[in-house]
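**Student:** I have a structure I would like to understand better, so I am pasting it below and will then ask my questions one at a time.
The values are calculated or read from the model by the stated rules, or taken from the named source; none is laboratory data. Being a predicted model, the structure only gives us computed values, none of them experimental. FYI the Cβ positions are ideal-geometry reconstructions off the backbone, even for glycines, and counts take in every protein chain you see. Surface areas here come from the heavy atoms of the whole protein model, side chains and all, with no ligands, DNA or RNA. Shrake-Rupley method; radii C 1.70, N 1.55, O 1.52, S 1.80 Å.
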Amino acid sequence: MPQRRSHVDPSAAQTELAVALSALRADLDAPVDFPAEALDEALSSPSPPPELDLRDVPFATLDPPGSRDLDQAFHLERAGRGYTVRYAIADVPGFVSPGGAVDVEARRRGQTLYAADGSIPLHPPVLSEDRASLLPDVDRPALVWTFGLDGDGTVVGTSLERALIRSRVQLEYAGAQDAVDRGEDGPVSLLPEIGRLRIAQERARGGASLNLPDEEVVRTDAGGYAIRRRSPLPVEEWNAQLSLMTGMAAASVMLEAEVGILRTMPRPDDAAFDTFRRQTAALGRPWTTGDYGDFLRDLDRTDPLTLPVLQAAATLFRGAGYVTFDGSTPTDTVQAAIAAPYAHATAPLRRLVDRWTLTICLAVSRGEAVPSWVRDSLADLPGLMQDSSQRASRLDAATVNAVEAALITPLVGSRVDATIIELRGERARIQLADPAVTASAPVPIDARPGDVVRLRVARADIGAGEIEFSLD
């Protein structure tokens, strides 16, 4: 453990941090407040008329603690030797009028941005956290995908309908995992079984999941901020498979109709794979045989060197983008990590493109023409989503940098132990255990990934989000 010598009162550092986090919104050049006409429209727009009443189906939601913008609800049941999976998605297309004030504002935003001191939502909260959200114990319109799965987890039937549902319970990850571990009979009792089968399907396709530990800024009991890093629980990975299955189904519907928008990512080239092999060998966890997806899935999550391996593997998951098509199918349709065509279709409250995907899929499922407003605006979507993704990335990085600088401020002048995650020339990406900080630092010439080095904290600038280390 480092010898701590506080040069700045921690409460003063947290006060400076609060000012810095507030300033990030202005620096981001992102819309925060909604125009009055968008707020009025969100409050008064009629609910979409349901075509099917599924309120007798005991749907449940599974989200992070405290969530209000609930995009998905599920219901799982056995069907002979297989399963029936119902996956309800918030019916945002039914609430948002094309060309209306909410639509115009959503196109400016692209996606919900999550900051340490609150979110900047895609839609007015009266929609995203109330009228369109799949909250428990209230009737809500939804677009319900129904999947028939055989005993191996293969999809053998798919349908999409507009329905009225009523979620019975809002589950959180930790509580759901506890229920699974105790073997309780309830909404998630079949989730491990179906989730594992879908993971096996992913393995058979040659897909890969990175599953890096989450890094999020949280409020402390004392009113300050801290960084929490945690690995996803198994229940989260199983739940994610339901979303992936839905995205693949949406892609299939649009490809058959020859109109839509796909989320694509190229397969890593040989040079990227060669670099990753060298990195894993340097870490003492060499990838020598088999597919990279299998290698990542089989890593021991309790091994301290797994994090550096996963950090190195992140370079294999680059280049994701969107491709639109109308009248013919694109040449490259595959999202390489999923190893199948895929579309964003399960988060319309928080991501703009999903509304287009769902509108297309619903029209095709009904045998109707895809609305002209969808076709006319398809080509604009990749640019809108790229702009919003860049804003989100800048906000995430700047937030973490500022919080890390605040956490390290009391240690300026002290020496700390740090684990090398990745070498970058004469510098390295390092990880401190306490406080949880990831940064760039100079390292000894003979240092290797996985080594623990002793560094001095030379400087911390909260406003700039900068930390400097030295070897002396």
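**Student:** Is there any pair linking a residue in the range 1-28 that is open to solvent by less than 40 Å² (accessible area, probe 1.4 Å) and in a helix (DSSP H, G or I) to one that is hydroxyl-bearing (Ser, Thr, Tyr) and modelled with pLDDT of 75 or more, with Cβ under 8 Å and at least six apart or on different chains, and which?
**Tutor:** Ala13/Thr409; Leu21/Thr399; Leu24/Thr399
**Student:** Out of all the residues in the range 206-229, is one or more modelled with pLDDT of 85 or more and over 22 Å from Leu307 (Cβ atoms)? Give the derivation first.
**Tutor:** Within the range 206-229, the subset modelled with pLDDT of 85 or more is 206-209.
From what's left, over 22 Å from Leu307 (Cβ atoms): 206.
So far as the range 206-229 goes, yes, one or more of its residues are modelled with pLDDT of 85 or more and over 22 Å from Leu307 (Cβ atoms).
**Student:** Just the residues that are in a loop (DSSP other than H, G, I, E, B), touching a Leu at 6+ places or on another chain (Cβ under 7 Å) and surrounded by fewer than 22 Cβ atoms within 10 Å (Cβ to Cβ), please, taken from the range 134-150. Quick ask: steps written out before the conclusion?
**Tutor:** Here is the first cut: in the range 134-150, the residues in a loop (DSSP other than H, G, I, E, B) are 134-135, 137-138, 150.
So of that shortlist, the ones also touching a Leu at 6+ places or on another chain (Cβ under 7 Å) come out as 134-135.
The answer is Leu135, and nothing else.
**Student:** Moving on to the next point. Can you name the residue in the range 246-303 that is at pLDDT 90 or above and of a type in the set (Ser, Thr, Tyr) and, of all such residues, is farthest from Thr84 (Cα to Cα)?
**Tutor:** Per the criteria, the residue is Tyr292.
**Student:** Continuing with the same structure: Restricting attention to the range 352-389, report how many residues are buried (at least 22 other Cβ atoms within 10 Å of the Cβ) and among the charged types (D, E, K, R).
**Tutor:** 2
**Student:** Next up: Is it the case that Ala79 is open to solvent by 10 Å² or more (accessible area, probe 1.4 Å), of a type in the set (A, V, I, L, M, F, W, C) and farther than 30 Å from Arg25 by Cα?
**Tutor:** Working: open to solvent by 10 Å² or more (accessible area, probe 1.4 Å): yes; of a type in the set (A, V, I, L, M, F, W, C): yes; farther than 30 Å from Arg25 by Cα: yes.
Yes; evaluated as a whole, the condition is true for this residue.
**Student:** Taking the range 151-201, which residues are of a type in the set (S, T, N, Q) and either part of a helix (DSSP H, G or I) or more than 30 Å from Val364 (Cα to Cα) (or both)?
**Tutor:** Within the range 151-201, the first condition is being of a type in the set (S, T, N, Q), and the residues that meet it are 154, 158-159, 167, 170, 177, 189, 201.
Selection gives Gln170, Gln177, Ser189, Gln201.
**Student:** Then there's this: State whether one or more residues within the range 111-123 are crowded, with 19+ Cβ neighbours inside 10 Å and among the charged types (D, E, K, R).
**Tutor:** Within the range 111-123 (the criterion being crowded, with 19+ Cβ neighbours inside 10 Å and among the charged types (D, E, K, R)), the answer is no, since none of the residues qualifies.
**Student:** State all residues of the range 409-434 that are of a type in the set (Val, Ile, Thr) and either in contact with a Lys or Arg (Cβ under 7 Å, 6 or more places away or on another chain) or closer than 20 Å to Asp214 by Cα (or both); if no residue qualifies, say none.
**Tutor:** Of the range 409-434, the ones of a type in the set (Val, Ile, Thr) are 409, 412, 416, 419-421, 430.
Within the range 409-434, Val412, Thr419, Ile420, Ile421, Ile430 qualify.
**Student:** Just give me the residues in the range 330-376 being over 21 Å from Arg318 (Cα atoms), in a loop (DSSP other than H, G, I, E, B), touching a Pro at 6+ places or on another chain (Cβ under 9 Å) and among the hydrophobic types (A, V, I, L, M, F, W, C), in sequence order.
**Tutor:** Within the range 330-376, just Leu349 meets the criteria.
**Student:** Here is a follow-up. Kindly check whether there is at least one residue in the range 462-471 that is under 19 Å from Pro304 (Cα atoms) and modelled with pLDDT of 90 or more. Full working, then the answer.
**Tutor:** As a first pass, look at the range 462-471 and keep what is under 19 Å from Pro304 (Cα atoms): none.
The answer is no; no qualifying residue exists.
**Student:** Looking at Ile408, is it open to solvent by less than 10 Å² (accessible area, probe 1.4 Å), in contact (Cβ under 8 Å) with a residue 60 or more places away in the chain and among the hydrophobic types (A, V, I, L, M, F, W, C)? Outline the logic, then answer.
**Tutor:** Details: open to solvent by less than 10 Å² (accessible area, probe 1.4 Å): yes; in contact (Cβ under 8 Å) with a residue 60 or more places away in the chain: no; among the hydrophobic types (A, V, I, L, M, F, W, C): yes.
Judged against the criteria, Ile408 is not a match.
**Student:** Determine which single condition Val323 fails, assuming it passes every other condition in (1) over 19 Å from the mean Cα position of the chain (by Cα); (2) at pLDDT 95 or above; (3) over 20 Å from Gly383 (Cβ atoms).
**Tutor:** Only one criterion is unmet by Val323, namely (3).
**Student:** Could you grab me the full set of residues in the range 295-327 that are assigned to a helix (DSSP H, G or I), open to solvent by 40 Å² or more (accessible area, probe 1.4 Å) and within 26 Å of Leu262 (Cα to Cα)? Walk me through it before giving the result.
**Tutor:** So in the range 295-327, the residues assigned to a helix (DSSP H, G or I) come out as 295-297, 306-316.
Filter once more, so that each one left must be open to solvent by 40 Å² or more (accessible area, probe 1.4 Å): 297, 307, 311, 315.
Of everything in the range 295-327, those that are assigned to a helix (DSSP H, G or I), open to solvent by 40 Å² or more (accessible area, probe 1.4 Å) and within 26 Å of Leu262 (Cα to Cα) turn out to be Arg297, Thr315.
**Student:** Mind counting the residues in the range 257-291 that are assigned to a helix (DSSP H, G or I), surrounded by fewer than 20 Cβ atoms within 10 Å (Cβ to Cβ) and touching a residue at least 24 places away in the same chain (Cβ under 8 Å)? Before you say what the answer is, go through the steps one by one.
**Tutor:** Going through the range 257-291, the residues assigned to a helix (DSSP H, G or I) turn out to be 257, 270-282.
Keeping just the survivors that are surrounded by fewer than 20 Cβ atoms within 10 Å (Cβ to Cβ) gives 257, 270-275, 277-278, 281-282.
Applying the additional criterion that residues be touching a residue at least 24 places away in the same chain (Cβ under 8 Å) yields 257, 272-273, 275, 282.
Qualifying residue count, the range 257-291: 5.
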